[in-house]
Amino acid sequence: MSHPHRPRRGSIAFSPRVRAKSEVPRVRAWLETNSPSIQGFAGYKVGMTHIMMVDDHPKSLTAGMELAVPVTIIETPPMKVAAVRAYRKTSFGPKAAGEVWGNIDESLAKCRQVFKNHDVEAATSKITELIANDEIEEIRVVAYTNPAVVTGIPKKKPDVMEIKVGGKDISASFKYAISMIGSEFNAADVLSDGGYVDISAITQGYGTQGPVKRWGIQLQKAKHSRAGSVRQIGTLGPWNPSHISWRVPQLGQTGYHQRTEYNKRVLKIGKDGSEVTPSGGFMNYGIVRNSYILIKGSVPGPSKRLIRLRGAIRSKKIYPTAKPQIKHISTQSKQG
C-alpha cells in the first residue's frame, strides 16, 4: 500500500489562537541604538494603493526599471509624550522602578486617572539616584496618539503605549526622555525614507469559526460523515489516553490576534494627505488629512486599525536603504 504525502493542516506555531487582550499591540523587543532617540511610532491604517517606482535592489532582475508596487498607507498624526518610566532588571524580567509624569491633557484624561499629588522633582531625583547606582537598564516614554484629528477614525480617545528610548548611556537617555515630556514628535523624527521597520497590529477578527476555516482541513466525503456535517474532523484522538491534544484542529476564535511582520520598507513619509487620497476617498476610511507613511506591501489588520512601527531588529545588509525614486502615486478612485 502506498504512503501518500499528507502534511498537517494549519500552522500550530501561533497557538493558542486566542483573542487579543488589547487593540494596542505589545512590543517586547526594540532596536539597539547608540544615541538617545525614541524607537517607535504609531498610526492608523488607511488602505492600499499602488505606486510606480524605480527598482533599486542591486541584485534584482529588474534593477533600474520602473515597477508597479502595492503600498499600504498609514496616517500618522503627531504623537505626544506624557511620562517617562524607568525599568530595573530582575530575575522575573524588567520591573518598573519609577515614573515621571507631566501635565495630562484633557484628551488623555479620558482614558486614565489624573495625578493630583505627583511630585515631579522627587520622582526625577529617585530615578537619577537609581541610575547612579547602576540599577536601571531601560528607559521608556509613555506616548499617546491623537485620533481626534483623524477624520477616518470614529473616536477621540487616544491610544496609550510605551516606547523605548534608545542609547547606550542610560543617564543621557533619561535626560532626553525628560526633555520630551509634554512635547510632540512626528514619524519623520523616528523613521526615514527607504528604511526598514517591524510592524505590529491586531489582525481582522472573524469571531468563532469551525476547523475548516480556522485550520484549513479538508471537507469530509459524504459517506464518511455520519453526523450530518462534512465540515468537522474525523476524530478527536484515541480513547486512551482520554485526553484531547491541543494539536487537534477544533473550532474557536479566528482572527483578532496580534501579529508582527518584519523588514517592511518605508517608501515615503509625506506631510500632505491629498497626495495619496483618491477621488471620493478611501473605502471605509475617507480622506487622509494628516501626515502619512507609505509601506511596501500589506499590513496586518483592517482599515482604521492602530498600527505600531519600530526599527527593524532583524534587518539584512543586502537590502537597499537609500531614498526610493517614486515616479507616480495612484489616486484612482477605489470605489469602482
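Read-outs: derived from the displayed coordinates by stated rules, not from any lab. Because the structure is a prediction, the values reported are computed rather than measured. Here the Cβ positions follow ideal geometry from the backbone for every residue, glycine too, while neighbour counts run over all protein chains shown.
By how many nm would the segment from R226 to S333 lengthen if fully extended, with 0.36 nm per residue of separation less the alpha-carbon distance?
Working: separation 107, 0.36 × 107 = 38.52 nm, distance 5.02 nm.
Once the chain is fully extended between R226 and S333, it gains 33.5 nm.
For the chain, what is the mean residue ellipticity at 222 nm derived from helices alone (per DSSP H run of n ≥ 4: -39500 (n - 2.57); sum divided by total residues; nearest 500 deg cm²/dmol)? Provide the component values of the computation, followed by the final result.
Numbers: 3 runs with 28 residues, N = 336.
Value at 222 nm, helices only: -2500 deg cm²/dmol.
Using +1 on the beta carbon of Lys and Arg, -1 on that of Asp and Glu, and nothing else charged, what's the dipole of the range 167-297 about the Cα centre, debye to 20? Provide the component values of the computation, followed by the final result.
Working: 16 positive and 8 negative charges, 200 e Å.
For this selection, approximately 960 debye.
I'd like to know which of V149, V160, V120 lies farthest towards the positive end of the charge dipole of the range 79-185, counting +1 on Cβ of Lys and Arg and -1 on Cβ of Asp and Glu.
Of the listed residues, the answer is V149.
Between A63 and Y262, what's the calculated FRET efficiency when r is the beta-carbon distance and R0 is 22 Å? Round to 0.05. Write out the running numbers ahead of the final one.
Numbers: r = 23 Å, r/R0 = 1.06.
According to the calculation, E is roughly 0.40.
Assuming R0 = 22 Å, can you tell me the calculated FRET efficiency for the pair T124 and N34, based on Cβ-Cβ distance, to the nearest 0.05? The partial results should precede the final answer.
Values: r = 24 Å, r/R0 = 1.10.
The calculated FRET efficiency here is 0.35.
Show log10 I(q)/I(0) for the range 79-185 at q = 0.17, 0.18 Å⁻¹, two decimals, from a solvent-free Debye sum over equal Cα scatterers.
Listed by q, the Debye log ratios stand at -0.80, -0.88.
Count charges around V54 for me, please; just the other residues with Cβ under 14 Å from its Cβ, Lys/Arg as +1, Asp/Glu as -1.
Values: positive: R265, K268, K296, K323, K327; negative: D55, D56, E66, D193.
Here the count lands on +1.
Please state, rounded to one decimal and in Å, the Kirkwood hydrodynamic radius that the range 197-289 gives when every pair of distinct Cα atoms enters the mean of 1/r.
Values: mean 1/r = 0.0559 Å⁻¹.
Radius from the Kirkwood sum: 17.9 Å.
In the chain, with Lys and Arg counted as +1 and Asp and Glu as -1 at Cβ, which of these residues, G98, C111, Q250, has the Cα nearest the positive end of the dipole, that is, farthest along it?
Q250
Would you mind pulling out the separation of the Cα centroids of the range 9-41 and the range 183-198, in Å?
Rounded to whole Å, the Cα centres lie 18 Å apart.
Tally Lys and Arg at +1 and Asp and Glu at -1 over the other residues with C-beta under 12 Å from the C-beta of T208: what net charge comes out? Can you show the working numbers first?
Working: positive: R17, R19, K213, R214; negative: none.
Within the 12 Å Cβ shell, the charges total +4.
Which stretch or stretches of the range 118-162 have amide N atoms under 19 Å from the point lying 7 Å from D189's Cα along the Cα→Cβ direction?
139-150, 158-162
Aspartates and glutamates within cross-link reach of K89: Cα-Cα under 12 Å, excluding same-chain residues under 8 positions apart?
Excluding near neighbours in sequence, the set is D134, E135, E137, E138.
Determine the alpha carbon to alpha carbon distance for each of K45/K168; K126/K164; K213/K271 and list only those over 31 Å. It would help to have the intermediate numbers written out before the result.
Details: K45/K168 33 Å; K126/K164 20 Å; K213/K271 41 Å.
Going by Cα-Cα distance, K45/K168; K213/K271 fall outside the 31 Å limit.
Roughly how compact is the chain, stated as its Cα Rg over 2.2 N^0.38 Å to two decimals?
Details: Rg = 24.0 Å, N = 336, 2.2 N^0.38 = 20.1 Å.
Output field value: 1.19.
Efficiency by 1/(1 + (r/R0)^6): what FRET value for I244 and K156, r their Cβ-Cβ distance, R0 = 41 Å, to the nearest 0.05? Walk me through the numbers before you get to the answer.
Numbers: r = 46 Å, r/R0 = 1.11.
The calculated FRET efficiency here is 0.35.
Taking K and R as +1 and D and E as -1, what net charge do the other residues with C-beta under 15 Å from the C-beta of Y144 add up to?
Details: positive: K80, R85, K110, R112, R140, K155, K156, K157, R308; negative: E23, E99, D105, E106, D159, E162, E184.
Result for the local shell: +2.
What is the dipole size for the chain, taken about its Cα centre, with +1 at each Lys and Arg Cβ and -1 at each Asp and Glu Cβ, in debye to the nearest 20? Please list the in-between numbers first.
Details: 50 positive and 26 negative charges, 427 e Å.
About 2040 debye.
If contacts are Cα pairs under 8 angstrom and at least 6 residues apart, what is the relative contact order of the range 167-286 in percent? List each step's numbers first, then the result.
Numbers: 120 pairs, mean separation 44.8, N = 120.
Relative contact order of the range 167-286: 37 percent.
Determine the distance separating the Cα centre of the range 67-119 from the Cα centre of the range 254-324; give it in Å without decimals.
Centre-to-centre distance over Cα atoms comes out at 21 Å.
When only Cα pairs under 8 Å and 6 or more residues apart are kept, what is the percent relative contact order across the chain? Write down the numbers at each step before the final one.
Working: 724 pairs, mean separation 95.0, N = 336.
Dividing the mean separation by the residue count of the chain yields 28 percent.
Can you give the Rg to Rh ratio for the range 297-336, taking only C-alpha atoms and Rh from Kirkwood? Write down the numbers at each step before the final one.
Values: Rg = 15.0 Å, Rh = 14.4 Å.
On the Cα set of the range 297-336, Rg over Rh gives 1.05.
With 22 Å as the limit, write out which pairs from K116/K155; K80/K317; K264/K317; K264/K327 have Cα-Cα distances beyond it, or answer none. Please report the intermediate quantities before stating the final value.
Numbers: K116/K155 27 Å; K80/K317 32 Å; K264/K317 14 Å; K264/K327 20 Å.
Violating the 22 Å Cα-Cα cut-off are K116/K155; K80/K317.
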